[in-house]
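*Asks:* The structure follows.
The values are calculated or read from the model by the stated rules, or taken from the named source; none is laboratory data. Bear in mind the structure is a predicted one, so any value in this text is a computation, not a measurement. When we count neighbours, we look across all protein chains shown, and the Cβ atoms used for this are built from the backbone with ideal geometry, even at glycine. Each accessible area value is taken on the protein alone, full model and side chains, heavy atoms only, with ligands, DNA and RNA left out. Shrake-Rupley method; radii C 1.70, N 1.55, O 1.52, S 1.80 Å.
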Amino acid sequence: MYVRYSAWLNAAPDKPDDAPTRLATMREHRKEPEYLPDHPDCIAIHIVSYLWEVGPGIPIGMGLAPVTQAEIRHWQDNTGVTLSAWEARALRTLSAEYLEEAHLAKNPARLAPWPPIPDKSTREEVSKRIRGVLRS
């Protein structure tokens, strides 16, 4: 969820490439996103850090694709990090999840994959969206 939420925050919904992202817009309004806290007992938290090092995607033609096993192997060779098979698969899966959410998040109506703790204004906003969906 953290990776998908990061992709959602870093998307600029239906806007030109130089438009501000959701994250930039939030910060412009003096709001900070609510991320999941790093949990020291999580055995896979290091894989998310590796994802940002490798890059959540590799450039192809007119967009990005998930990192390949070859890219992961080259990254391991260059950094001296040795991943187990499940870690390499997880890294590739996180890359695909990030890119999928980045694509879906271009829709301005796309809700965050993990919503913040609701307060009164959030509940009212969700209520308005649900009424709008039901009307159409």
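*Asks:* Return the long-range amide H neighbours of Ile58 (sequence gap of 5 or more, or a different chain), with a cut-off of under 5 Å between placed amide H atoms.
*Replies:* Under 5 Å from the amide H of Ile58: Ala65, Val67.
*Asks:* In debye to the nearest 20, how big a dipole does the chain give about its Cα centre with +1 on each Lys and Arg Cβ and -1 on each Asp and Glu Cβ?
*Replies:* Details: 17 positive and 18 negative charges, 153 e Å.
Taking the Cα centre of the chain as origin, the dipole is about 740 debye.
*Asks:* Along the charge dipole of the chain, pointing to its positive end and built from +1/-1 on Cβ of Lys, Arg, Asp and Glu, which listed residue (His74, Met62, Pro33) has its Cα farthest out?
*Replies:* In the chain, that residue is Pro33.
*Asks:* Related question: Take the chain, connect every pair of alpha-carbon atoms lying under 10 Å apart with a spring to form a Gaussian network, then pick out the residue of Ser95, Ser84, Ser49 with the largest mean-square fluctuation.
*Replies:* Ranking Ser95, Ser84, Ser49 by mean-square fluctuation puts Ser84 first.
*Asks:* Further question on the same structure: List the relative contact order of the chain as a percent without decimals, with contacts defined as Cα pairs under 8 Å and 6+ residues apart.
*Replies:* On the way: 117 pairs, mean separation 47.7, N = 136.
Over the chain, the number comes to 35 percent.
*Asks:* Leaving ligands and nucleic acids out of the surface, order Tyr5, Tyr50 by accessible area at 1.4 Å, largest first.
*Replies:* Result of the area sort, largest leading: Tyr50, Tyr5.
*Asks:* Under a GNM of the chain (C-alpha, springs under 10 Å), which listed residue has the highest mean-square fluctuation: Ile47, Ile72, Ile60?
*Replies:* Highest fluctuation among the options: Ile60.
*Asks:* To the nearest 10 degrees, how steep is helix 69-79 against the longest Cα principal axis of the chain, on a 0 to 90 scale?
*Replies:* Taking the Cα atoms of the chain, the angle to 69-79 is about 70 degrees.
*Asks:* Considering only Ala44, Ala105, Ala12, give the residue with the highest GNM mean-square fluctuation for the chain, with springs between Cα atoms whenever their separation is below 10 Å.
*Replies:* Taking springs between Cα atoms under 10 Å, the residue moving most is Ala44.
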